[in-house]
Structure formats: structure tokens, C-alpha cells
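**Q** Structure incoming, see below.
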There are 2 protein chains.
Amino acid sequence: MSKKRVVIAGMGFGGLQAAKVLANGTIDLIMIDRNNYHLFQPLLYQVATAGLEQEAIAYPLRGLTRRWQGASFTLAEISGIDLDTRCVFTDSGKVPYDYLVIAAGSRTNFFGMQSVAANAFDLKRLDQAEDLRNHILMMFEQATREPDQKRRAAMLTFMIVGGGPTGVEFAGALRELIVYVLSQDYPAISATETRIILVEAADSLLTAMPVELRQYACRKLYSMGVEVLLESRVVGATAESVELADGLVIAAHTLFWSAGVAAAELADFISGVERSTSGRIVVQPDLSIKEHPEVFVVGDMAYCLDNEVPLPMMAPVANQQGDYAARMILAREQGKSLPPFHYADKGSMATIGRSSAVATAAGFKISGYIAWLAWLLLHLYYLIGFRNRMVVMMNWTYAYWFQERQVRLITAKKRRAGCLQ
Amino acid sequence: MSKKRVVIAGMGFGGLQAAKVLANGTIDLIMIDRNNYHLFQPLLYQVATAGLEQEAIAYPLRGLTRRWQGASFTLAEISGIDLDTRCVFTDSGKVPYDYLVIAAGSRTNFFGMQSVAANAFDLKRLDQAEDLRNHILMMFEQATREPDQKRRAAMLTFMIVGGGPTGVEFAGALRELIVYVLSQDYPAISATETRIILVEAADSLLTAMPVELRQYACRKLYSMGVEVLLESRVVGATAESVELADGLVIAAHTLFWSAGVAAAELADFISGVERSTSGRIVVQPDLSIKEHPEVFVVGDMAYCLDNEVPLPMMAPVANQQGDYAARMILAREQGKSLPPFHYADKGSMATIGRSSAVATAAGFKISGYIAWLAWLLLHLYYLIGFRNRMVVMMNWTYAYWFQERQVRLITAKKRRAGCLQ
């Protein structure tokens, strides 16, 4: 009997975890991703704020998979999936499957606001983090030689939309970059001239957290000098301004958007599946698609009810779902089954700044230094690769002791020709 | 009496050294560069061969200069220099000067061969190193799924032109990347299928070195599996082939050019100066321009005779010239002068591979392990910044022990939109 083929579409947290379980030699495993690396998205904001080099949060997939039995990697863009003929179409040919794990993650959701999509920065990919870092540093370069006070103020105003963990962590990291580093680099610009405005539609930050931690985060950001605008929504933007729902227009040359995610565009290329909010694919209690028990959807792409509540789009969910789908495939191959998927919530956390974070775990709520240490250690633990862990730890130690962030390079590409004489 | 203003155009090795000497508080010092970082060019080839992240060989200039008295940095592209009115023109305004140090370095020289310029990779900038790394890795990705044997062979053929230190070091590093790393990543591709061809017009590699060391380098590369073509010249190229002067056409999708440098294009924007070979500006024995004792040219841009021999375009020369020009300016301000510039040749070195390098120093010629260790230590020493040194040392240690290079990421930019639903 020949081995069954399992195709994994997307090597984020969910796909990677599924692959680890399936690479046991009994399966013909094909992993597909559009990048040749696994990206540790939770630290993208530190690349954007000059705290980490981009290479430190990416790990080459072939470096992982070459040790795995029966597994092979394909660098390709998936253009469609035909559930009836059991085939994945890619830009380097079609790949038939016996089982399929769809784990292509999410994209940013601008909720139809064209002007925001055109002018905002978002953080899903490495190059976006580099672009945002270049832009932030360029704003300081331009502001330092801008004679017009109004334009200068707009260059030094940074709008962040979305008070979830990404928005909060980015706001804190940007504030510290400005206070500790850029105010030294640009003697003509004082930190008090710069504004960071964090806009959130709900009535508090970190809405998934207990109320004490929400309040802690808000107080802490405020004490660091971040302005928090609650119950406010951004409805439009230009390259130099941001418009709020109440009509207020704020002059700002930087708009960072972390107020919404939707299923990756791959979901649009699969016909005959039920979609729910944010374009996510509705899955059965065992994470398979209705009438297609051989196709699983995991992570941000899956709309999965657990105790009648849809699970959030976050890494730990993706991780556990990838693990479950892989074990389910192995079980089925042995004629067995598994009980329905259940998410084991181990808590959540967000760092705000130096020695300051909030975390929930096993019913405990912690904030401050201990939460921050826990955040550091957990992120180091989940990073892939010894070298990456060392580089990240070194950067964090260096930043902590010297209040320095060395990756503040403007790497915007300018093509220049050599000499033809 | 107001302070005299010194403008330094270009913050490579020459400009940086001049700035260090001049930043003593007695001078109004303005440093101009088109990038916000100093680039350690000698290690660019290691970025291109996935051995180092690009951030490790760049240091933010404002991080250096903010501690210097009377010094300020301007991020700008210089569009011209008017020697008569003593003014530097940039894309962010004009900058008058009392003294000027021109230190804009060099660009690649393709000697008029349009087809080579259009199809070859060269290494002068960070983004070029990233592009070349992406390209090399992409060749392996494409080859691993290419059914046509001829095309596959061409994808796995890497032509390197120029047998100077850069060509030799790149050839060795690429060969080791393939043998130790990529042949593991791509089980379908054997290292013996790949070809690295090093083309040199002279009758030996490393022509500036003593003959024993030249022979050592050639033997070592040969034993590693690099083909060395001496007394050969490349005369043309397409994206998929390289033509030699004797009519031979080699099918190769990668052409790396390190066979010539010329003065940076800034030299073209200065009228009324004498130019020599490679477009370099002819300088007086004190490195100033004839009839303009207030203007110095240092580094790759200067055509400087020392004992009637023009000095080579390399970092140690730039360093010493930058130092001399700065000391000369300080001396002049005190009504003194200095003896003519003389280059103190401390030797040169090139690394070939693991535990293998050649070096000359103080009349000694060394090769092998000791030369390699010396190469490592000297490069670490000259790198700027504690953090960069640590990152580089960690990468080297890691590569040495684990025969691994983790920065093998394909970061080619693909722009993808978020979701507008």
C-alpha cells in the first residue's frame, strides 16, 4: 500500500505544527508556502521599530524540513484548490492530495475603506516591517530639516489604529524608540514634540483581557506619553492626514493599521465552502470542511465555534488546531477518530514597554515586571532556531542595558547603475 | 572668531576616519551621506552568500555622530560641487564650506559593456547583496523543479568575474554555502551538479599578493571544487549566458562582476578637476585638488601617486587618507602643515574558506589556519559597534560548528494588498 499524501497549504504556526506531527515517515508530506521561511509574526512590530533585524524572526523552512522523513517543501503561490478533484493549483504546477490542511493565515482587513488601505501601513510580512521602519526614520530625517512648523508636527505625529495586542505593543515600542533613541539621534527634535495617538473603537484597550489589566495597559501607555483615543473610529486617510468618524481630521504622515484581519485571499479561491465573518471558512467540530472530511482548515482561516463562541485569530489557536488536524489524519489512517477540537486557553499577554507587560495564565492576572519577564521568555521559547534566539536575546539585552536600538537603518531601495565609461 | 566649517561628502572608510579626527569641538563639521548608515563593504559578500544579515555590517551614522562635538549629519544625495563658490549642492539644499573632504567612494566599472552591466550582479550596496542572495537561492528553488537538464545545469552554474579579493572570497563562500548547506536543503541537487567558474584576465588570482600566496589560493579553490579560468575575459552576457573573449559561451543564469571599479558618479559632477584612470580625481601630494588647497579627495575617488605608483582602491588607503586630510585641515588652522601623504602598507589578506586564508603583513607571508584566524579577528576589530561584532561573531561561530547558514531567506518583495471586503 502506497503512502497517503498530505498537502499543507501555508507554513505559519498552524501549518508548521501540523507538519511536525505528520513528518513521521508514514505520510507523503508536501508543504507549500509562498515564502521559503517561517515568519514569527508576533515580533514583526519590533522589526518595524528598529529593535530587531528581520532575519532574526524568520527561519528557513528547508532548514527545518530537511530532517523530516517523507517530507518535501515547495516554494509556490497557490492559485486555487479544487475540492472535488482533490487538487491544489500553484504557480509551479498542480499538486493532488489525499488529505489537505489549509493554513494560509490572514491578511489585514480595511473594511472597505479604500483611502485607508492606500495610505496605512500594516504588518503581515517582513518587507512591510522594513518599509514601516524606513518610513518612521525618514519622518525624523525630514522633520529635522522642515522649516514649516505645521508640516513638521504632522511628520512627528504617529497614528495607530486598533487597541489589540499589536497596536498596544507597537505604540509602546515606538514611544520607547523615540524617547530613548531618536531624541538622542536628532538633537533638534524633542520627544515632547512627537505625538503617538492610539485609536480604538471599543471603550478600552486589550478587550480580551480582564478589566484590571486593560486599565493597567491604558495607564501605563498614558504615563509613557501615548495618547489613547477610545470609542473612536478612523474613517478615511490621505498620505498626510487621518479622519475620524466624528469629523476630526488629524494631520499625521504615519498611519499604522492593526484594527482588523480577514482570512487570507486563498479562501476566495476555494469554491463551494461556507464562509463567515472576515471571510473565514466555517469548519466542522473536527476542523474539516462539510462534506470534505479529507480537508481541514486551521488557524486564522478557520471559523471554528468552541462552546458556541468563535475562536480568536491568534497563534496559540492556530498551533493547537494544526496539531489536532495532523493527529486526526493519522488517527483516520488507523481507522480511528478523535473527539471534537477544543481550544485549551493558556492565557494571553501583551508587552507595553520596558519592564512592563500584562498577562493572564491559569486564572492568574499579572502585570508589570514579572509579566514582562514571562513575555520575554515565552517569545524566546517559541522562536525557532538557536541562532535566532541568541540574536533576539542579544538585541533585547543590548536595548535594555544601553537603551539603544541599532537596527535603525533606512534601507529604502534606490537603484543606481555602475559605470559604463 | 567663528569656527571654520568642514563638509565631508561620503561616510565610508575615508569620510568616517576624517570625521573622527575633526570632531574635536574646534570645527563646525557637517557630514553628508546618501544612506543613514556606514557600510562595512568588505563583508558584503557574506551577506550575499547567506552568512550574515545585512544589519550586522551597517552602523547608523547618527548613533556614532551624536556623541561628537560640533558635528552634524545630513542624509542627502549630492548633486554637484562648485569649487569656486565653495558650495556643495544636495537634494535637501546647498551647503557652503570652508574645507571640503570628498570621500564618495567608488562604483562598479563594466568598461562599457552594456550587456554585462544589464545582466551581472555587483556588490556595492546592501540591497545588492540581498538581491544576489535572493537570486542564488531562487536558482536552487527553480533548478529543483526544472525538468530540462540543460536549463537546470545553467541555473546551477555561477560565473564570477575578477580574481581579486572580492571574487576569491565570494567564490569560496558560495562553494561552501552549496556544499555544506544547500546540498542538504535540496536533496534532489548534488553539489557535483553545480559549477562555480572564476574568470580572471591576468595569469593568476590575487595579483597584488606574493606568488606563493597566489598559488595557494588557486590550489585551495580548485580543491574546493571552484573552476578557475585564468587569462580569460568576459565580453558579453544575457540573463542566461556569458560570453568569453575567445568566443566560448557558457550557459549560466548567474554572473557576478567584481572585475573593476571606478570613482563614484559624484566625480562627474565636479567641473574643473583633472581626472585619471577609472575617473579618479588627481590629487596633489597633500591629497588636495590643484589650485584648491581647501578641497581634499580621499579613498577610492582619489588618484594618488605614492613613490610614483598610484595607490590601490582599498579600505586601508581610504582610512589613512581620511586621517591625513583631517589632520592637515587642523594643522592649517594652526598655521602649520604636514609632510606629503605616504601610505603605510600594513599588508593585505583574503579568506578562501573554512580555516583557509592568505595574508601578508610586515614582510611575512602566511596562509592557512593562522591567516584565517587573523582575517576573522581583524574584520571583527574593524567592524563598528559592539552589537554588530557580537552578531557577526555568533554567525561565524555558528557556521563553523554547525556548518549552517541561517540567513538563507528569499526576501524578494511581492506587494500584496490587504482585504477591502
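Here, each number is a calculation from the coordinates, and none is a lab measurement. Predicted model, so just to flag it, every value in this text is computed and none were measured. Because the Cβ atoms are built from the backbone with ideal geometry, glycine has one as well, and the counts that use them run over all protein chains shown.
**Q** Amide H to amide H under 5 Å from B:S106: which residues, 5+ apart in sequence or cross-chain, H placed 1.01 Å off N in plane?
**A** Residues meeting the criterion, in which the H sits 1.01 Å from N, are B:A264.
**Q** Kindly identify the protein assembly as shown as rounded, prolate or oblate by the Cα gyration tensor criterion: order the square roots of the eigenvalues as a ≥ b ≥ c, call it rounded if a/c is under 1.5, otherwise compare a/b with b/c, prolate if a/b is larger, else oblate. Show your work: numbers first, answer last.
**A** Numbers: a/c = 2.21, a/b = 1.34, b/c = 1.65.
Oblate is the answer for the protein assembly as shown, as a/c is 1.5 or above yet b/c matches or exceeds a/b.
**Q** Using alpha-carbon pairs under 8 Å, 6+ residues apart, how would you state the relative contact order of chain A in percent? Could you put the intermediate results ahead of the total?
**A** Details: 835 pairs, mean separation 82.0, N = 421.
Contact order relative to length: 19 percent.
**Q** Which residue, chosen from A:Q284, A:P312, A:F296, occupies the Cα position most advanced towards the positive end of the dipole of the stretch A:274-322, where the dipole is computed from +1 (Lys, Arg) and -1 (Asp, Glu) charges on Cβ about the Cα centre?
**A** Projecting each Cα onto the dipole axis, the largest value belongs to A:P312.
**Q** Once amide H atoms are placed 1.01 Å from N in the peptide plane, what residues at a sequence separation of 5 or more from A:I160, or on another chain, have their amide H within under 5 Å of its amide H?
**A** Under 5 Å from the amide H of A:I160 lie the amide H atoms of A:I197, A:L198, A:V199, A:F256, each far enough along the sequence or on another chain.
**Q** Trypsin sites (Lys or Arg not before Pro) within the stretch B:295-351: which are DSSP loop residues with at most 14 other Cβ atoms inside 10 Å? List each step's numbers first, then the result.
**A** Numbers: sites: B:R327, B:R332, B:K336, B:K346; in loops: B:K336, B:K346.
Qualifying residues, ordered by number: B:K336, B:K346.
**Q** Okay, next question. Using a 10 Å cut-off around each Cβ, can you sort B:W372, A:W257, B:W401 from fewest to most neighbouring Cβ atoms?
**A** Numbers: B:W372 21, A:W257 26, B:W401 8.
Fewest-to-most Cβ neighbours within 10 Å comes out as B:W401, B:W372, A:W257.
**Q** Scan chain A and hand back the longest stretch that contains none of the GluC sites (Glu not before Pro) lying in DSSP loops with at most 12 other Cβ atoms within 10 Å.
**A** For GluC sites (Glu not before Pro) (loop position, at most 12 other Cβ atoms within 10 Å), the longest site-free span of chain A is A:1-230.
**Q** Cα to Cα, under 25 Å, and not fewer than 8 places away if on the same chain: which lysines meet these conditions relative to B:K20?
**A** Excluding near neighbours in sequence, the set is B:K3, B:K4, B:K94, B:K124, B:K336, B:K346.
**Q** If each of A:Q215 and B:A362 carries a label point 7 Å out from its Cα toward its Cβ, how far apart are those two points in nm?
**A** Distance between label points: 7.0 nm.
**Q** Tell me whether the stretch B:314-421 comes out rounded, prolate or oblate; compute the Cα gyration tensor, take square roots of the eigenvalues as a ≥ b ≥ c, and use a/c under 1.5 as the rounded threshold. Don't skip to the end; give the middle numbers.
**A** Numbers: a/c = 3.28, a/b = 1.41, b/c = 2.32.
Verdict is oblate for the stretch B:314-421.
**Q** Quick one: of the DSSP bridges fully inside the protein assembly as shown, what percent are antiparallel, nearest 5?
**A** Working: 70 of 146 bridges.
Antiparallel bridges: around 50 percent, rounded to the nearest 5.
**Q** For chain A, set up a Gaussian network in which alpha carbons nearer than 10 Å are linked by springs, and say which option among A:D345, A:D148, A:D127 fluctuates the most.
**A** Per the Cα network of chain A with a 10 Å cutoff, A:D148 tops the list.
**Q** Could you tell me the distance between the Cα centroids of the stretch A:328-397 and the stretch B:96-160, to the nearest Å?
**A** Centre-to-centre (Cα) distance: 41 Å.
**Q** Kindly identify the stretch B:55-116 as rounded, prolate or oblate by the Cα gyration tensor criterion: order the square roots of the eigenvalues as a ≥ b ≥ c, call it rounded if a/c is under 1.5, otherwise compare a/b with b/c, prolate if a/b is larger, else oblate. The partial results should precede the final answer.
**A** Numbers: a/c = 2.60, a/b = 1.25, b/c = 2.09.
Oblate shape, in that a/c is at least 1.5 and b/c is the bigger or equal ratio.
**Q** Also: Pairing the Cα long axis of helix B:211-224 with the longest principal axis of chain B, what angle in degrees results, from 0 to 90 and rounded to the nearest 10?
**A** The answer is roughly 40 degrees.
**Q** How much length is gained on full extension from B:D91 to B:A208, taking 0.36 nm per residue of separation minus their Cα-Cα distance? Don't skip to the answer; put the middle values down first.
**A** Working: separation 117, 0.36 × 117 = 42.12 nm, distance 3.93 nm.
My answer for the length gained is 38.2 nm.
**Q** Express as a percent, rounded to the nearest 5, the fraction of DSSP beta bridges in chain A (both residues included) that run antiparallel. Could you put the intermediate results ahead of the total?
**A** Details: 36 of 73 bridges.
For chain A, the DSSP antiparallel bridge percentage is about 50.
**Q** Rank these for me by crowding, A:V391, A:V297, B:V228, B:V179, going from fewest to most other beta carbons within 10 Å.
**A** Working: A:V391 27, A:V297 31, B:V228 21, B:V179 18.
In order of increasing Cβ crowding within 10 Å: B:V179, B:V228, A:V391, A:V297.
**Q** Normalised by the number of residues in the stretch B:196-262, what is the relative contact order in percent for Cα pairs under 8 Å and 6+ residues apart? Mind showing how you got there, number by number?
**A** Values: 86 pairs, mean separation 18.9, N = 67.
After rounding, I find 28 percent.
**Q** Skipping prolines and chain starts, which residues have an amide H placed within reach, meaning under 5 Å, of the one on A:V226, given they are 5 or more residues away or on another chain?
**A** none
**Q** What list of whole percents do you get for P(r) of the stretch B:249-380, with Cα-Cα distances grouped in 10 Å bins up to the one holding the largest distance?
**A** Cα pair-distance distribution for the stretch B:249-380, in percent: 11, 31, 29, 21, 8, 1, 0.
**Q** Then there is this: Please give me, ordered by residue number, the trypsin sites (Lys or Arg not before Pro) of the stretch B:1-81 that lie in loop per DSSP and have at most 12 other Cβ atoms within 10 Å. Walk me through the numbers before you get to the answer.
**A** Details: sites: B:K3, B:K4, B:R5, B:K20, B:R34, B:R62, B:R66, B:R67; in loops: B:K3, B:R34, B:R66, B:R67.
Hits after loop and neighbour filter: B:R67.
**Q** What does the charge dipole of the stretch A:1-152 about its Cα centre add up to, to the nearest 20 debye, if the Cβ of each Lys and Arg holds +1 and the Cβ of each Asp and Glu holds -1? Please list the in-between numbers first.
**A** Values: 18 positive and 16 negative charges, 71 e Å.
Using Cβ point charges on Lys, Arg, Asp and Glu, the stretch A:1-152 gives about 340 debye.
**Q** Relative to the longest principal Cα axis of chain A, at what angle does helix A:315-333 sit, 0 to 90 degrees, rounded to 10?
**A** 10 degrees
**Q** Still on this structure, I have one more. Let me spell out the model: positive unit charges on the Cβ of Lys and Arg, negative unit charges on the Cβ of Asp and Glu, origin at the Cα centre of chain B. What dipole size does that give, in debye rounded to 20? The partial results should precede the final answer.
**A** Numbers: 41 positive and 41 negative charges, 241 e Å.
Approximately 1160 debye in magnitude.
**Q** Right, another one. For chain A, modelled as a GNM with alpha-carbon contacts under 10 angstrom, which of A:T351, A:T166, A:T207 fluctuates the most?
**A** Answer for the Gaussian network model of chain A: A:T207.
**Q** Just tell me how shielded B:77-87 is by partners: mean number of partner chain Cβ atoms within 10 Å of each residue's Cβ, no decimals. Can you show the working numbers first?
**A** Values: counts 2, 0, 0, 0, 0, 0, 0, 0, 0, 0, 0.
Taking all residues of B:77-87 together, the mean is 0.
**Q** Once each part is reduced to its C-alpha centroid, what is the distance from the stretch B:206-262 to the stretch A:1-45 in angstrom?
**A** Result: 40 Å between the Cα centres.
**Q** Further, regarding this structure: Positive end of the dipole of the protein assembly as shown, charges at C-beta (+1 Lys, Arg; -1 Asp, Glu), about the Cα centre: which of B:S367, B:A263, A:I270 has its Cα farthest in that direction?
**A** B:S367
**Q** Something else now. For B:L83 paired with B:S2, estimate the spin-label separation in nm (one decimal), with each label point 7 Å from Cα along the Cα-to-Cβ line.
**A** Here the answer is 2.6 nm between the modelled labels.
**Q** With chain A treated as a Gaussian network of Cα nodes joined by springs under 10 Å, which of A:I57, A:I270, A:I329 yields the largest mean-square fluctuation?
**A** Taking springs between Cα atoms under 10 Å, the residue moving most is A:I270.
**Q** Relative contact order for the stretch B:190-328: what percent, with Cα pairs under 8 Å and sequence separation of 6 or more? Before the final figure, lay out the partial values.
**A** Values: 179 pairs, mean separation 18.3, N = 139.
RCO, the stretch B:190-328: 13 percent.
**Q** Can you give the mean number of other chain Cβ atoms that lie within 10 Å of the Cβ atoms in peptide B:54-63? Before the final figure, lay out each step's value.
**A** Working: counts 6, 14, 5, 0, 5, 2, 11, 2, 11, 7.
Per residue, the average neighbour count from other chains is 6.
**Q** Let me ask something else about it. Report the antiparallel proportion of the DSSP beta bridges in the stretch B:139-253 as a percent, rounded to a multiple of 5.
**A** Looking only at bridges with both residues in the stretch B:139-253, the antiparallel portion is about 40 percent.
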